[in-house]
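What follows is calculated from the coordinates using simple rules that are stated; it is not laboratory data. Nothing here was measured: the structure is a model prediction, and the numbers come from that model. When we count neighbours, we look across all protein chains shown, and the Cβ atoms used for this are built from the backbone with ideal geometry, even at glycine.
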Amino acid sequence: MPSDSTPTIKPINKASVHRICAGQVILDLSSAVKELVENSLDAGATSIEISLRDYGKDSFQVIDNGSGISPINFSLLALKHHTSKLADFPDLQSLTTFGFRGEALSSLCALGDLTVETRTRNEAVATHLTYDRSGLLVAEKKTARQIGTTVTVKNLFSNLPVRSKEFSRNIRKEYGKLISLLNAYALTAKGVRLVCTNTTGRNVKSVVLKTQGSDSLKDNIVTLFGLSTFNCLEPLELCISDGCQVGGFLSKSGQGNGRSMGDRQFFFVNGRPVDMPKVTKLVNELYRGANSQQHPIAILNFTVPTGACDVNVTPDKRKVFFSDECSILQVLREGLQQIYSSSNARYSVNEVE
Ligand code: ADP
Ligand code: MG
């Protein structure tokens, strides 16, 4: 190839890099709301309200009673890779917060219109903050508010034409995915009252999810899915190794959750909702040995020393690597076999229907 047609390597301008990367952090409505809910949990909130307008298409808002944001952080809040949760790479080893990369608010700025209202216990009044697409603070005014933070995002994906069209077309599906995700946080966030409302075009507001903020997983299951569903579950507690265990609830063999796999199956690592394809496969496979007609409800939390798992794998942090995944799967397999392989755990089609 002649030298004058050789492409030259140039840096991509900062604004474009920001927009390109933001679209990978915030994939859809549920990943956007997830980031805000996690921020509220990280801020120690005991009450979180998620308020959607037109299923999140017009706007969504997360209102918490957490620590609030102090004025020295107002201008830094939505800048890329600015965080109060991690300073150096080794901090990842002992991380206990959901967030640590400082990219959610900056990404939301790049993809929608972001405003924040916040007040700490050291301030007499709250402040309303407006950020531009690059995450810079562009307006600030005093307002009335209790201690805590409200983050509002309007017009998500308005500057990504393909995503925006997809978002509008699939809004009910996106909304369903979001509610399922909120169920996961409602199960895992003990002592946190969680409410989600949706307001449609004609200003009709409906409550889609509401928990009381109980300290026990059992109570949260009863609130979300009802006592009769809870009575169809049995507890599972297994020790995998020193400092590593799994606990939660699974369907009894004759009382599964219908035919659609993945419905009401929630897996957590140290309280963080995650995708665990191998665990999901194992649970469904062993359950099928006892009940071939249905899939089980499964709500399992894996407690693992923070240094023995890596959540910094995908932008949405839903994938986790373990230092000893084999032991986890092996102990779980044996535990599930004990529950589902006993002869009285086998159910015929007639008993199931
Ligand atoms: P990360 O959560 O990874 O730190 P984010 O972009 O989500 O990154 O948030 C940036 C920072 O803004 C956080 O580190 C935190 O200090 C502050 N913050 C965001 N949301 C809240 C909230 N609801 N309450 C208090 N502080 C918040
Ligand atoms: Mg965050």
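Bridgeable aspartates and glutamates around Lys14 (alpha carbons under 18 Å apart, same-chain partners fewer than 8 residues away excluded): Glu103, Asp132. Between the Cα long axis of helix 277-290 and the first principal axis of the chain there is an angle of about 20°, rounded to the nearest 10. Structural descriptor for the stretch 1-71: relative contact order 23 percent, calculated from alpha carbon pairs under 8 angstrom and at least 6 residues apart.
Across the chain, Cα pairs under 8 Å and at least six residues apart give a relative contact order of 14 percent.
Cα centroids of the stretch 87-154 and the stretch 274-315: 33 Å apart. When the C-alpha to C-alpha distance is required to be over 29 Å, the pairs from Lys57/Lys80; Lys205/Lys281; Lys177/Lys319 that qualify are Lys205/Lys281. Here Lys317 is the anchor, and the lysines within straight C-alpha reach of less than 16 Å, apart from those fewer than 8 places off in the same chain, are Lys34, Lys85. Computed from the C-beta positions of Asp263 and Ser16, the FRET efficiency with R₀ = 41 Å rounds to 0.55. Take each peptide in 44-54, 221-231, 135-145, 269-279, count the other Cβ atoms within 10 Å of every residue, and average; sorted highest first, the result is 44-54, 269-279, 221-231, 135-145.
Add -39500 (n - 2.57) for each DSSP H run of 4 or more in the chain, then divide by its residues: what number comes out at 222 nm, to the nearest 500 deg cm²/dmol? Rounded to the nearest 500, it is -9500 deg cm²/dmol.
Excluding same-chain neighbours fewer than eight residues apart, the lysines reachable from Lys141 by a Cα-Cα span under 22 Å are Lys154. On a 0 to 90° scale, report how tilted helix 29-42 is relative to the longest principal axis of the chain, with both axes built from alpha carbons and the result rounded to the nearest 10. The two axes meet at around 90 degrees. Neighbour counts of C-beta atoms inside 10 Å place Phe321, Phe266 in the sequence Phe321, Phe266, starting with the fewest.
Magnitude of the charge dipole for the chain, about its Cα centre and with charges confined to Cβ atoms of Lys, Arg (+1) and Asp, Glu (-1), is about 1040 debye. On a 0 to 90 degree scale, rounded to 10, what angle separates helix 14-25 from the longest Cα axis of the chain? Roughly 20 degrees, rounded to the nearest 10. In percent, rounded to a whole number, the relative contact order of the stretch 83-203 is 18, using alpha-carbon pairs under 8 Å and six or more apart.
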